[in-house]
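A.B. asks: The structure's right below; bear with me while I get my questions together.
The values are calculated or read from the model by the stated rules, or taken from the named source; none is laboratory data. Computed from a prediction, not measured in an experiment: that's the story for all the values here. With ideal geometry, Cβ positions are generated from the backbone for all residues, glycine too; neighbour counts draw on all protein chains shown.
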């Protein structure tokens, strides 16, 4: 993932992935505004969020994805993995620039579905300074077999198989490095956190005393990774039970391709 003299021009893109636990902090305070402040500190162009509440009574009926996006001046795309009447819960992608929703869908769950929460994925296309980037955001389950089935689906023909490069897969995979799910992605894509941290990636969970690296960003081989770090500030340590992972990328410009036909702006 390094450039040579024949490489196409690139543009810098900063991407963050962040499990916000419905904006409920480790101090039991519910605050989308605090999550927005943490994200602002990432200075990201694209943010993949997991565990977002939209219209749920437990969160005061707030559309958390829209509220956070408005605080940042970003566009917002949301996919509910779970619906209960008018209440929704799932994953979102926020973008600083132009973007469009490409695909949403559900991922395989356990055989006894009522034992675990449904899981899904969302894919958007973002245009930043001439670079068109595909971003897939997801949140895998807690069971080992469940995660393996979800990884197989995301790596298959319905998702990555239909996704042109350059592409990023981001999210809370609930998988440690060395596990089968992690290895299945690493065999096809680059681990941006590993590459950007000079081989010394930091844990992302739990936020107060991080021990586990379960939040990941994988990139196609045409994307150069300039830097990667976990944002561990006093505010981030309390705003959610995960810490945000921030990666700084250089994305190739696709020569001869026009901008988006349909766009969603801030």
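A.B. asks: Taking the range 222-233, which residues are within 18 Å of the chain's Cα centre (by Cα), over 11 Å from residue 168 (Cβ atoms) and in a loop (DSSP other than H, G, I, E, B)?
C.D. replies: 231, 232
A.B. asks: Additional query: Could you grab me the full set of residues in the range 192-212 that are buried (at least 21 other Cβ atoms within 10 Å of the Cβ) and touching a helix residue (DSSP H, G or I) at 6+ places or on another chain (Cβ under 8 Å)?
C.D. replies: Matches in the range 192-212: 207 only.
A.B. asks: Is there a residue being closer than 25 Å to residue 117 by Cβ, modelled with pLDDT of 95 or more, in contact with a helix residue (DSSP H, G or I) (Cβ under 7 Å, 6 or more places away or on another chain) and exposed (fewer than 15 other Cβ atoms within 10 Å of the Cβ) anywhere in the range 156-171?
C.D. replies: Looking through the range 156-171, none of the residues is closer than 25 Å to residue 117 by Cβ, modelled with pLDDT of 95 or more, in contact with a helix residue (DSSP H, G or I) (Cβ under 7 Å, 6 or more places away or on another chain) and exposed (fewer than 15 other Cβ atoms within 10 Å of the Cβ).
A.B. asks: Can you pull out the residues in the range 228-252 that are under 20 Å from residue 165 (Cα atoms) and either at pLDDT below 95 or in contact with a helix residue (DSSP H, G or I) (Cβ under 9 Å, 6 or more places away or on another chain) (or both)?
C.D. replies: If the condition is that a residue be under 20 Å from residue 165 (Cα atoms) and either at pLDDT below 95 or in contact with a helix residue (DSSP H, G or I) (Cβ under 9 Å, 6 or more places away or on another chain) (or both), then 247, 248, 249 are the ones that fit.
A.B. asks: Let me ask something else. Consider residue 7 against the criteria (1) loosely packed, with under 15 Cβ neighbours inside 10 Å; (2) outside any strand (DSSP E or B); (3) without any contact (Cβ under 8 Å) to a residue 60 or more places away in the chain: it satisfies all of them except one. Which criterion is unmet?
C.D. replies: Condition (3) is where residue 7 drops out.
A.B. asks: Can you tell me which residue among 203, 266 is at pLDDT 95 or above, touching a strand residue (DSSP E or B) at 6+ places or on another chain (Cβ under 9 Å), closer than 30 Å to residue 25 by Cβ and part of a loop (DSSP other than H, G, I, E, B)? Working first, answer last.
C.D. replies: Working: 266 fails: at pLDDT 95 or above.
The unique qualifying residue is 203.
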